[in-house]
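Here is the structure we will look at.
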Amino acid sequence: MDKKKMIVTLLAATMMLSAAGCGGGTETAASIADPTADQTTEMTTEALPETTAAPETTTETVQETTTEAPAETAAPTTEAVSASSGAVPTYGEAIAEIDRAFGLFTDGSDSANIEEAKIWDIIDEDAVIDTSAPITAEFLVDAVMRATGFVNGDTPQAEVIQSAIDHGVITDADLTLIDLADTYEIIDRAKDAWMHPDYDNEIHVELVDGVVDLTNEIGTDEFTISGDGSVVLPSRFADRIKEGTVFVLPKDAAGNGGAYKAQKVTENGIHLEISCVPADVSEVYSSIKTY
């Protein structure tokens, strides 16, 4: 073989080897690419549940929040609103509460509440009340203290205030210092003083002129009080008890007794039969003081 043919043969062989090498390189790249593609597919397949799970978590969170939110933001009750508002009650509201606290029950209307308060001398008989106006400290203290019976409509304001202080209803004689948002608390204090009198204090009372006080003149076994309000007394009191007379009887063990106003008096032999009604505090006492 001459030189020229040898060179051509070598060149051909080299090109074949190069071609073979290039083909092998292509196969090798494909082989490397395939695993990569497989891994990518696997990663994508595994990632999908995580991507799907995220909305479920979000849904649960929203549902939980939606379920609990109403309980946290529920509207407060009327009592809670009243207690937290700190509003000053009106005359109508305060009188209704005073009536209720001291056992005077009506149909709940303003007119009935006011009428009952007038009957029991809690407010003046000729008082004109604007039930929608905010209550004043002067009216409140006077009304609750008259409801307790410790004072009456004729008691000077200074004595009413002092009685309220003595019984723990208020703490200062300067009524401008009263927070009228505490009206119901003041009524409760007056009720408590009325229900639990302080017997350590000496009580001095003055009777209205004309009242017949029998507390030290008759034994509890000498009179009877029936369910309809009628009273039977010994006839020896006939000259002192007439129609319209207010008289006071001692309390017996059952709690019977107290002050009454005669409406009709009938003398029947040794007995005096009296149709009567309970007397108002103002008809019995002109002054009540504690020391």
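The values are calculated or read from the model by the stated rules, or taken from the named source; none is laboratory data. Just so it is clear, the model here is predicted, and its values are computed rather than measured. Ideal geometry is used to build each Cβ from the backbone, glycine not excepted, and the neighbour counts take in all protein chains shown.
For the stretch 107-126, enumerate the residues that are under 15 Å from GLY149 (Cβ atoms) and loosely packed, with under 15 Cβ neighbours inside 10 Å. So that I can check it myself, show each step before the final result.
First, pick out the residues of the stretch 107-126 that are under 15 Å from GLY149 (Cβ atoms): 117, 119-123.
Across the stretch 107-126, the qualifying residue is only ILE119.
Can you pull out the residues in the stretch 229-259 that are modelled with pLDDT of 90 or more and within 25 Å of ASP154 (Cβ to Cβ)?
ARG240, ILE241, LYS242, GLU243, GLY244, THR245, VAL246, PHE247, VAL248, LEU249
For LEU207, state whether it is within 34 Å of the chain's Cα centre (by Cα) and either modelled with pLDDT of 95 or more or surrounded by fewer than 18 Cβ atoms within 10 Å (Cβ to Cβ) (or both). Working first, answer last.
Details: within 34 Å of the chain's Cα centre (by Cα): no; either modelled with pLDDT of 95 or more or surrounded by fewer than 18 Cβ atoms within 10 Å (Cβ to Cβ) (or both): yes.
Judged against the criteria, LEU207 is not a match.
Give the number of residues within the stretch 95-108 that are assigned to a loop (DSSP other than H, G, I, E, B) and either in contact with an Asp or Glu (Cβ under 7 Å, 6 or more places away or on another chain) or more than 26 Å from ALA158 (Cβ to Cβ) (or both).
Residues of the stretch 95-108 assigned to a loop (DSSP other than H, G, I, E, B): 102-108.
Then drop every residue that is not either in contact with an Asp or Glu (Cβ under 7 Å, 6 or more places away or on another chain) or more than 26 Å from ALA158 (Cβ to Cβ) (or both), which leaves 103-108.
Residues meeting the conditions: 6.
Scan the stretch 142-175 for residues that are buried (at least 17 other Cβ atoms within 10 Å of the Cβ), among the small types (Gly, Ala, Ser) and in contact (Cβ under 8 Å) with a residue 60 or more places away in the chain and report the count.
Residues meeting the conditions: 2.
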